[in-house]
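Asks: Got a structure for you, written out below as structure tokens; questions coming shortly.
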């Protein structure tokens, strides 16, 4: 349920210490878990660098993971 309390001295800033606006929160470099090294992560999704797996292997991975949450990116290239 949403916080319906009017802003007071105690609950006026729900962003945390030092973050007065959303823009300041998102520009805080200390909160970036990747430390701005996204090239390595994005390379994993490059279809020219990674061979597409077969539908059989994809099915084995999906079924064999059990109850672990999963997400799949698909390309129709």
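Asks: For an R0 of 22 angstrom, estimate the FRET efficiency from the Cβ-Cβ distance between residue 75 and residue 40 and round to the nearest 0.05. Don't skip to the end; give the middle numbers.
Replies: Values: r = 20 Å, r/R0 = 0.90.
Working from the Cβ atoms, E equals 0.65.
Asks: With each pseudo-label sitting 7 Å past Cα toward Cβ, what's the residue 63-residue 32 distance in nm, one decimal?
Replies: If labels sit at residue 63 and residue 32, their model points lie 4.3 nm apart.
Asks: Counting residues in segment 22-64 as N, plug N into 2.2 N^0.38 Å and put the Cα Rg over that result.
Replies: 1.82
Coordinate-derived values only; no laboratory data. Quick caveat: nothing in here was measured; it's all calculated off a predicted structure. Neighbour counts are summed over all protein chains in view; Cβ atoms, including those assigned to glycine, are modelled from backbone coordinates with ideal geometry.
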